[in-house]
Amino acid sequence: MKGFTATPCMALGLALALSLGIAQARDGGFAEFVDGAAYDVRPGEWDGRFRFKDVYCATFPLPEHATRRVSALLNGNAVSLARVEYDQPFEIYLVSSTMPAGMTADEEHREQVARAQAAADATPGLYRFDTTPSPMGPVIRRQLTNVTHGSAEQGQNPFPLDMRFFDSPDAIRTIAETRLFSRVPDRFEVAVLAAVPDNASDREVSLVRQVMASFADDVTALLQDCTATMPARRP
């Protein structure tokens, strides 16, 4: 998988990361979304806070372990994507897009649930989802196995905009978690993608799932808390 080098100790490293959690953030001001930016992060220079204009703000965990921050507008500037890469083999994404004019939050949620159900039916065992309440309404929680980045050379959008899977029925190569929710007129997605080391034990795979789920939940909560302090945009 491009960009990852998984090691046998990865799961233990992720467990340590989980124990450190969000508490490492320091008061250094928000980093701003810049279209087309790819920025190498030096240890200690970023506190994890990030903002996209008047759309959202959030905090990425473990900023002292971040190595690269990428942000871009896609699909004719209709979608924003920010990605943070870490010295551990995982990445965290924030995605925003504008809902169709006139669509309500309930309509948006029903449409996203229908899409998730269709994807789960098409990829049994690799794509699971459920829903949970939140201050910004229902959140679709997706648990993905063996999802890939996608290939720009083949005209594919990057993860999590496109969902493609490795053909590896006997091996778990990646674990991902996403959280999808909306605040009219914007929809948001938090995604975390981690490589799994070769020959990982069931316990290691379970630990990676646990850590990725915790990161996705934590970033979602922080994004919602911060964005709630910003005036809702007009449709």
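Of the strands (runs of 3 or more DSSP E) entirely within region 58-159, those holding at least 2 residues that are open to solvent by 60 Å² or more (accessible area, probe 1.4 Å) occupy 127-132. Can you name every residue in region 202-230 that is open to solvent by 50 Å² or more (accessible area, probe 1.4 Å) and either among the polar types (S, T, N, Q) or not in a helix (DSSP H, G or I) (or both)? Passing the criteria: S206, Q210, A228, T229.
Would you check which residues across region 166-190 are closer than 18 Å to H109 by Cβ, of a type in the set (A, V, I, L, M), open to solvent by less than 50 Å² (accessible area, probe 1.4 Å) and touching a Pro at 6+ places or on another chain (Cβ under 8 Å) and list them?
Just the residues of region 166-190 that are closer than 18 Å to H109 by Cβ, to begin with: 178-190.
Still in the list and also of a type in the set (A, V, I, L, M): 180, 184, 190.
Filter once more, keeping what is open to solvent by less than 50 Å² (accessible area, probe 1.4 Å): 180, 190.
Result: no residue meets the conditions.
So, in region 150-187, of the ones that are more than 18 Å from L81 (Cα to Cα) and of a type in the set (S, T, Y), which residue ends up modelled with the highest pLDDT?
T174
In region 180-199 there is at least one residue matching the filter, namely being under 24 Å from T59 (Cα atoms) and among the hydroxyl-bearing types (S, T, Y). Pairs linking a residue in region 47-76 that is basic (K, R) to a residue that is open to solvent by less than 50 Å² (accessible area, probe 1.4 Å) and not in a strand (DSSP E or B), with Cβ atoms under 6 Å and 6 or more positions apart or on different chains, are R69/V41. In region 35-48, the residue that is nearest to D162 (Cα to Cα) out of those that are in contact with a Pro (Cβ under 9 Å, 6 or more places away or on another chain), open to solvent by less than 60 Å² (accessible area, probe 1.4 Å) and not β-branched (V, I, T) is G48.
With R233, R187, R179 as the choices, which residue is in contact with a strand residue (DSSP E or B) (Cβ under 9 Å, 6 or more places away or on another chain), in a strand (DSSP E or B), within 20 Å of N77 (Cα to Cα) and touching a residue at least 12 places away in the same chain (Cβ under 8 Å)? Reasoning before the result, please.
Values: R233 fails: in a strand (DSSP E or B); R179 fails: within 20 Å of N77 (Cα to Cα).
Exactly one residue qualifies, and that residue is R187.
Checking each residue in region 191-201 for being outside any strand (DSSP E or B) and crowded, with 16+ Cβ neighbours inside 10 Å picks out V196, P197, A200.
The values are calculated or read from the model by the stated rules, or taken from the named source; none is laboratory data. Worth saying up front: this structure is predicted, and the values here are computed from it rather than measured. Note that we place each Cβ from the backbone using ideal geometry, even for glycine, and neighbour counts take in every protein chain shown. When the accessible area is computed, the model is the full protein with side chains, heavy atoms only, and any ligands, DNA or RNA have been set aside. Shrake-Rupley method; radii C 1.70, N 1.55, O 1.52, S 1.80 Å.
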